[in-house]
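Colleague: Here you go, one structure.
The values are calculated or read from the model by the stated rules, or taken from the named source; none is laboratory data. These figures come from a predicted structure and were not determined experimentally. A quick note on method: Cβ atoms are made from the backbone with ideal geometry, for glycine too, and the neighbour counts reach across all protein chains shown. Heavy atoms of the whole protein, side chains included, go into the accessibility calculation; ligands, DNA and RNA do not. Shrake-Rupley method; radii C 1.70, N 1.55, O 1.52, S 1.80 Å.
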Amino acid sequence: MAKWGEGDPRWIVEERADATNVNNWHWTERDVSGWSSERLRQLLLGVRVEGPEGVCQLTDVSKLDGEASINNRKGKLIFFYEWQLRASWLGTSSSGVKYRGTVEVFNLSDENNMDDLDISVSLCKDQPNTMLLDLMKKSGVQEVRRVLADYVHQLKSEFSQGMILPAADGPKLPQPQTKKNQAQISTQVEFTGVRISTCNFNLKETFQTSPDELYRTFINQEFVQAFTRSAAAVDGCHGGRFQMLDGSVSGQFTLLVPDQRIEMRWRFRTWPSEHFATVSLELEDRGNETELRMVCRGVPAGEEDSTREGWTRFYFQGIKQTFGY
């Protein structure tokens, strides 16, 4: 190959900082099966429906068979995904009786619209008939369909960023748009770790427990494994590192004030490499309950909604459902 400034002028590799796939001409492919498995599991375990009959929620994902990939050819993204899913659900009737069943999705793929998904709901063989089955067949199926649509949207809008590279002398790609929510999102641009546009948000939640119990829930490995329902590694000391949700979430505790405050560097696996948000959890004793105020700074632009939803579902709701707080 000609050196810089020499040879045939049609060589334009030097005009690209990464010197790869000039003008997006060649076929490139990214395997996102691992990310998809984790994201589908997280979304499904957040499914919960309630009605006069009682409450039902998905408690375990026993089958996640399939694959997913993103392909770029001549600047056009092509998405391939095909999954077969099975999850268990637990229903508690209004009288307190518990029932178990399964949900199966047979044809989640790029060839089918969400309305065409074949979703089957059933009771386990040893379970008597219950109105909760009707609740799951109506509201439960709708919620499963909704979270699967969320997965497809995130696959196409968030995880695919960086697949199409700007041409040497072509127009710049548009930056991700963030939803405006003046109550929770800061519009300023910050830089944390690598230089990317970021935003902030705040959350507030009340737990029916004491500050010391809630504090321990966040830093104790056994408690974290219980409310996330997955393996975790948590070193609950100043400077201690943590990893949970099968490696999807990781970080480090930067400040621990027992029963009062927790600060950490926190990241989701699909974020840009080495980029961490700064999370602060402040616990305030309100007598018979504890108010938790969360401030999250440095979330990559376009990720604030999914990050907020993840904290609400997998942390706050997970803790309440697991420990009764």
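Colleague: If Asp285 satisfies all but one of (1) modelled with pLDDT of 90 or more; (2) within 30 Å of Thr59 (Cβ to Cβ), what's the number of the condition it fails?
Modeller: (2)
Colleague: Given the conditions (1) closer than 18 Å to Thr322 by Cβ; (2) modelled with pLDDT of 90 or more; (3) of a type in the set (D, E, K, R), report the number of the one that Lys204 does not fulfil.
Modeller: (1)
Colleague: Which residue out of Ser273, Ser248 is under 19 Å from the mean Cα position of the chain (by Cα), open to solvent by less than 10 Å² (accessible area, probe 1.4 Å) and at pLDDT below 90?
Modeller: Ser248
Colleague: Can you work out which of the residues in the range 207-225 that are closer than 14 Å to Gly318 by Cα and aliphatic (A, V, I, L, M) is farthest from the chain's Cα centre (by Cα)?
Modeller: Out of the qualifying residues, it is Leu214.
Colleague: Just one of the numbered conditions (1) among the hydrophobic types (A, V, I, L, M, F, W, C); (2) open to solvent by 50 Å² or more (accessible area, probe 1.4 Å); (3) at pLDDT 90 or above is not true of Leu58; which one?
Modeller: (2)
Rundown of residues vs (1) without any contact (Cβ under 8 Å) to a residue 60 or more places away in the chain; (2) not in a loop (DSSP other than H, G, I, E, B), yes/no style:
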position: Thr206; (1), (2): no, yes
position: Tyr215; (1), (2): no, yes
position: Gln225; (1), (2): yes, yes
position: Asp246; (1), (2): no, no
position: Gln252; (1), (2): yes, yes
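Colleague: Which of the residues belonging to the range 119-149 are of a type outside the set (Val, Ile, Thr), in a helix (DSSP H, G or I) and either surrounded by fewer than 16 Cβ atoms within 10 Å (Cβ to Cβ) or out of contact with any Phe, Trp or Tyr (no Cβ under 9 Å at 6 or more places or on another chain) (or both)?
Modeller: Those that are of a type outside the set (Val, Ile, Thr), in a helix (DSSP H, G or I) and either surrounded by fewer than 16 Cβ atoms within 10 Å (Cβ to Cβ) or out of contact with any Phe, Trp or Tyr (no Cβ under 9 Å at 6 or more places or on another chain) (or both): Met131, Asp134, Leu135, Lys137, Lys138, Ser139, Gln142, Glu143, Arg145, Arg146, Ala149.
Colleague: Turning to a different aspect of this structure: So which of Val49, Val97 ends up being at pLDDT below 95, of a type outside the set (Ser, Thr, Tyr) and buried (at least 16 other Cβ atoms within 10 Å of the Cβ)?
Modeller: Matching residue, one of Val49, Val97: Val49.
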